[in-house]
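The values are calculated or read from the model by the stated rules, or taken from the named source; none is laboratory data. Nothing here was measured: the structure is a model prediction, and the numbers come from that model. Positions of Cβ are backbone-derived with ideal geometry, glycine not excepted, and every protein chain shown enters the neighbour counts. Areas reflect the complete protein model, heavy atoms only, side chains present, ligands, DNA and RNA absent. Shrake-Rupley method; radii C 1.70, N 1.55, O 1.52, S 1.80 Å.
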Amino acid sequence: MFLLRKMGEIRKITISTGKISIHGELTDTQTADAIWNALPINADCNRWGGELYFEIPIRADLDKQAKDTVDRGDLGFWPTGNAFCIFFGPTPISTEEEIRPASAVNIVGRIVGDTNVLNKVSPGERIRIEKYRP
């Protein structure tokens, strides 16, 4: 079931582990809609350099705006692994200061705030994405 929302309404999320809590905003795309409708999501987190990623229960194809390089703070969906990705620094295949996913991702949002806190998250740690509740 898809939820209708007002034009321009910002969809805020909270991403948390036992160590950190950070906020983000989802974009206005079909992939972001599917993620929003699947919340809350709990998963075991993987880490690949400056990227956290974990499988989520949605399926989506690459969209027209998919990117091979991303910006610090981008939230992505990696169709190849059905994974939600949080980018906060270079990955093992990055060159210089770029941030390069393993392959193209759909950009589904952005972190709001300091991404440096994500360095505290360890592989295997339980992570949760949920709708922001003030």
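A few notes on this one:
- Asn82-Asp28 FRET efficiency (beta carbon distance; Förster radius 22 Å; 0.05 resolution): 0.55
- Taking the chain and dividing mean pair separation by its residue count, relative contact order in percent (alpha carbons under 8 Å, at least six apart): 35 percent
- For Glu98 and Glu55, the difference between the fully extended length at 0.36 nm per residue and the C-alpha to C-alpha distance is 13.1 nm.
- Reach of Lys131 by Cα under 20 Å, taken over aspartates and glutamates that are not fewer than 8 positions away in the same chain: Glu9, Glu25, Asp28, Asp33, Asp44, Glu55, Asp74, Asp114
- Under the criterion of Cα pairs below 8 Å and six or more residues apart, the relative contact order for segment 57-128 equals 34 percent.
- Per-residue ellipticity at 222 nm from helix content only, as computed over the chain with -39500 (n - 2.57) for each DSSP H run of at least four residues, stands at -2000 deg cm²/dmol.
- Top of Ile111, Ile13, Ile93 by mean-square fluctuation, Gaussian network on the chain, Cα under 10 Å: Ile93
- Surface calculation, 1.4 Å probe, protein heavy atoms: Thr29 sits at approximately 30 Å² accessible.
- Calculated Cα extents along the principal axes in Å (choose from (1) 41, 35, 24; (2) 44, 34, 22; (3) 51, 36, 23), label: (1)
- Estimated at 0.36 nm per residue, the fully extended path between Ile10 and Lys120 surpasses their Cα-Cα distance by 36.9 nm.
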